[in-house]
Each structure stands twice: as structure tokens, then as C-alpha cells.
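What follows draws every value from the coordinates through simple rules; no lab data is involved. In this text the structure is predicted, and so the values were computed from the model without any measurement. Here Cβ is always computed from backbone atoms with ideal geometry, including for glycine, and neighbour counts include all displayed protein chains.
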Amino acid sequence: MQTPLISILIPFKNTELYLGDCIDSIVKQSYSNWELLIVDDGSTDTSYEVVKKYTNNENRIHLFKNEGVGIIEALRTGYKHAKGTFVTRMDSDDVMASNKLEQMQQSLVTYGEGHLALGHVRYFSDEGIGNGYKRYETWLNGLTSKGANFDEIYKECVIPSPCWMVYKTDLDRCGGFVPNTYPEDYDLAFRFYKQGLKCIASNELLHHWRDYPIRTSRVDAHYAENSFLELKVNYFLELSHDKEKTIVIWGAGTKGKKVAQLLIEKNTPFVWVCDNPKKIGKDIYNQTLKPFEYLNKLISYQSIITVANQDAQIEIKHYFNIHKKTAMKDYFFFC
């Protein structure tokens with residue numbers, strides 16, 4: 001029986017310590033019909049030589065030099081050589097579970113085009129995993145178990161960049177790696193959402209996500225919080241904002257202030273509420289902060305929640321439930 005070809009894309013830069021583990025986990029996959037398109041993004045260590053040695057014995061691995069600079073350009077460089085029915089991305093410092101490709105391609109064969117195959121992820125690190133990453137892992141896997149990833153897309157990136165697989169036709173329909181927008185993984189998640197792809201629920205642990213102090217997502221300015229907020233606001237205005245409803249920002253902390261700035265830059269009016277008595281009544285950016293009870297005076301609104309405290313989020317969600325408001329329609333958690 002003919003099995004579909006899977007194209008695996010890996011950009012890499014100065015990950016000589018981890019590339020062997022990464023590539024070995026691909027070579028040892030239970031599913032064998034794959035091609036690895038691996039692109040050097042200007043490494044200054046021995047990373048290129050590490051990969052080159054693999055190509056001497058493995059004709060499924062194709063090594064390229066980035067035709068531009070940065071992860072997006074590297075993904076484009078590799079993607080234009082992709083011949084697979086399915087496409088997936090992998091990080092050069094991570095490790096695949098041995099059945100990852102088999103499980104994901106089987107999900108796509110079963111459900112067909114218009115679907116996104118996912119799996120559970122697990123962080124690992126020589127230094128141990130902090131509470132923040134552990135919470136993100138638990139939250140993300142909880143969504144994936146239900147196939148409900150897009151239900152909370154404005155909170156964090158709901159599609160782990162190295163643990164998805166799609167039909168190439170669907171990826172092309174979503175714009176592939178053409179946009180120059182960072183963070184590129186979150187932007188792609190929004191484009192999957194925009195095009196109506198459906199997430200396939202999974203409880204399988206398929207990806208081991210390595211964390212270490214100089215990991216790209218930790219040190220690259222493209223992955224700073226402000227970049228995430230700008231992306232969220234842009235897609236909210238494009239995909240979710242009902243222009244007949246008043247935008248309400250709930251929360252006046254650092255994130256609330258950044259969202260306010262972004263809306264002001266876009267000449268988009270809003271009301272600003274909070275439950276901090278020290279801030280209520282004060283003017284920030286020529287906007288007067290109002291108590292959250294002010295919402296009762298509004299006929300219709302959409303609220304952007306920028307309050308990070310977990311207990312406060314529960315209370316806010318309870319408030320909206322009492323007032324019969326619907327998540328992802330009337331209110332949106334941005335953190």
C-alpha cells in the first residue's frame with residue numbers, strides 16, 4: 001500500500017549540541033516515508049557539519065543554506081523543495097516520539113483535508129522546567145485533548161510550532177510561509193484559524209520540547225510579549241471584532257496599557273475598565289479608567305481581558321456567565 005510522503009521542515013542555527021538527538025529521532029520513526037528539508041540559518045558553530053554527516057548515509061535528508069536571514073526565510077527555503085502530501089515542522093533542538101509521524105499522518109488520512117493533526121508536548125531541560133512552562137504545557141495539552149485549541153487562541157499560541165501536521169494543499173491555502181510576520185508560529189496558528197481548519201483531538205504524547213537558557217523563543221526579540229500583543233490585536237480586529245459593539249479593555253496593567261496603545265494607534269475607540277480602586281478614575285493615555293460595573297451601562301460590547309491573575313480570571317469569567325456572555329464572541333482572554 002502506498003503511504004503518503006511527509007515533508008519535515010527544520011531551520012537550524014548553532015544547535016550543534018542537540019542536532020544529533022533531533023535527527024536520530026526522525027531517522028528512527030516508525031513511519032518511514034518522509035523527507036527532511038533542513039536549512040542552515042547562518043550557523044557559526046559545527047551545526048552544518050553535523051547535518052552534513054547524516055546526508056552521507058541518509059538520502060531522505062536534504063541540507064540547504066538559507067537563501068535569506070532568519071527563521072521565516074529558512075522555512076521558505078526548505079518549503080519550496082517540499083514534495084510531500086503532508087507537511088510538518090520540527091525544531092532542531094527537540095526530539096520526536098518514535099510514533100509521531102505515524103500517528104499524525106493517520107489522523108489526517110482519517111479526517112481528510114481541512115484538518116490539523118496535533119499531539120501532546122512535554123518540556124524537558126537539564127535545569128528543570130519552571131512553573132510557567134509547566135502551566136503552558138498543561139494548558140496546551142488540555143486544549144489538544146479536546147481538539148479545542150482555537151477556543152483560546154487569543155490567550156497564547158495554541159498550536160505548538162513543532163507539533164502539527166497538515167495537508168500541503170491546506171498549508172498553501174493558509175499562505176504557507178509567505179508572511180513576514182513574527183512570531184511566525186503564532187501568526188500561522190491564526191491563519192489556520194482564519195481558514196477554518198479543524199483541530200483533531202489527540203491524547204498522544206508526540207513531541208519532546210527542549211528548554212534551555214539560549215533557546216530562540218527566550219532570547220530573540222521577535223518573541224517578546226509586545227510582538228504577541230500586536231499580533232493578537234491585529235487578528236482580533238480582522239477576525240473577531242463586531243464593529244457594532246464597543247470594545248472594552250479589562251485591566252490596566254502592563255498588557256492592558258499596551259493593548260490600549262495599539263488601539264489608539266489604529267484609531268479604534270474603546271472603553272477601559274478595571275477593578276483596582278487605585279486606578280479607577282485616573283486618566284491613562286487620555287482615557288479615564290472606569291469600574292467594571294460600568295459594563296452594565298453598555299448596550300453591547302466585546303471585552304478584551306488583560307488580567308493575568310488566575311483567580312481574577314475565574315471571577316471575571318463568572319461575571320460574564322452571570323450576564324450570559326459568550327467566550328470568543330463577547331469576551332476574549334488576551335493572557
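Pull up all non-local amide H partners of Tyr331: gap of 5 or more, or a different chain, and H-to-H distance under 5 Å with H placed in the peptide plane.
Ser303, Thr326
With a point put 7 Å past each Cα toward its Cβ, work out how far Ser300 is from Arg60 in nm, to one decimal.
Computed distance between label sites Ser300 and Arg60 equals 5.4 nm.
In segment 77-209, what % of DSSP beta bridges are antiparallel (nearest 5)?
DSSP beta bridges in segment 77-209 are roughly 50 percent antiparallel.
Relative to the longest principal axis of the chain, what angle (0 to 90°, nearest 10) does the C-alpha long axis of helix 310-322 take?
60 degrees
On full extension of the chain, what length is gained from Gln261 through Glu315, given 0.36 nm per residue of separation minus the C-alpha to C-alpha distance?
Full extension from Gln261 to Glu315 adds 16.9 nm.
Looking at Asn14, Cys199, Gly130, which one has the Cα that reaches farthest to the positive end of the dipole of the chain (charges on Cβ: Lys, Arg +1; Asp, Glu -1)?
Cys199
Could you give me the ³J(HN,Hα) list for segment 196-201, computed from phi with Karplus coefficients 6.51, -1.76, 1.60 and θ = phi - 60°, whole Hz, x at Gly and Pro?
Per-residue couplings from phi come out as x, 5, 9, 7, 8, 4 Hz.
For Lys324 paired with Ser32, estimate the spin-label separation in nm (one decimal), with each label point 7 Å from Cα along the Cα-to-Cβ line.
My value for the distance between the label points is 6.1 nm.
Find the relative contact order for the chain and round it to a whole percent, using C-alpha pairs within less than 8 Å whose residues are 6+ positions apart.
16 percent
With axes computed from alpha carbons, what is the tilt in degrees of helix 100-111 against the longest principal axis of the chain, rounded to the nearest 10 within 0 to 90?
70 degrees
Could you tell me whether segment 225-333 comes out rounded, prolate or oblate from its Cα gyration tensor? Rule is a ≥ b ≥ c as square roots of the eigenvalues, rounded for a/c under 1.5, then prolate if a/b exceeds b/c, otherwise oblate.
Rounded, since a/c falls under 1.5.
From the phi angles alone, apply the Karplus equation (6.51, -1.76, 1.60; θ = phi - 60°) to segment 167-175 and give each ³J(HN,Hα) in whole Hz, x where the residue is Gly or Pro.
In residue order, the calculated couplings are 5, 4, 4, 6, 4, 5, 5, 8, x Hz.
From Cα pairs below 8 angstrom and at least 6 apart in sequence, can you work out the relative contact order of segment 66-159, rounded to a whole percent?
Relative contact order, segment 66-159: 15 percent.
Over 24 Å between Cα atoms: which of Lys168/Lys194; Lys232/Lys282; Lys80/Lys266; Lys65/Lys134; Lys155/Lys325 fall into that group? Each step should come with its number before you reach the end.
Details: Lys168/Lys194 17 Å; Lys232/Lys282 26 Å; Lys80/Lys266 35 Å; Lys65/Lys134 35 Å; Lys155/Lys325 18 Å.
The pairs that break the limit, which is 24 Å between Cα atoms, are Lys232/Lys282; Lys80/Lys266; Lys65/Lys134.
Could you check what % of the DSSP bridge pairs in segment 225-333 are antiparallel, to the nearest 5?
10 percent
How large is ³J(HN,Hα), in whole Hz, for each residue of segment 243-248 in order, when computed from phi with the Karplus curve 6.51 cos²θ - 1.76 cosθ + 1.60 and θ = phi - 60°, using x for Gly and Pro?
Those phi angles translate into 5, 7, 10, 6, 7, 10 Hz.
Roughly what % antiparallel, to the nearest 5, for the DSSP beta bridges in the chain?
Close to 20 percent.
Could I have the simple spin-label model distance between Leu205 and Lys146, label points 7 Å from Cα toward Cβ, reported in nm to one decimal?
Using points 7 Å along Cα→Cβ, the separation is 2.3 nm.
Taking amide hydrogens as modeled 1.01 Å from N in the peptide plane, which residues meet the under 5 Å criterion relative to Glu204, leaving out close sequence neighbours?
Correct list: His120.
With the contact rule set at Cα under 8 Å and sequence spacing of 6 or more, what percent relative contact order holds for segment 203-335?
Numbers: 138 pairs, mean separation 31.2, N = 133.
Worked out over segment 203-335, it gives 23 percent.
Give the lysines whose C-alpha is closer than 20 Å to that of Lys278, dropping any in the same chain fewer than 8 places away, or say none.
Lys255, Lys257, Lys258, Lys290
For Arg89, list long-range residues whose amide hydrogen, built 1.01 Å from N in the peptide plane, is under 5 Å from its own amide hydrogen.
Excluding prolines and chain starts, which carry no amide H, the hits are Leu9, Trp164.
Using the Cα gyration tensor of segment 6-223, with a ≥ b ≥ c the square roots of its eigenvalues, what is the shape: rounded (a/c below 1.5), prolate (a/b larger than b/c) or oblate (neither)?
Details: a/c = 1.35, a/b = 1.19, b/c = 1.14.
In terms of gyration-tensor shape, rounded.
For segment 96-152, what class follows from the C-alpha gyration tensor (a ≥ b ≥ c being the square roots of its eigenvalues): rounded when a/c is under 1.5, otherwise prolate if a/b is larger than b/c, else oblate?
In terms of gyration-tensor shape, oblate.
Calculate for the chain the 222 nm mean residue ellipticity that helices alone would give, adding -39,500 (n - 2.57) per DSSP H run of length 4 or more and normalising by residue count, nearest 500 deg cm²/dmol.
-10000 deg cm²/dmol
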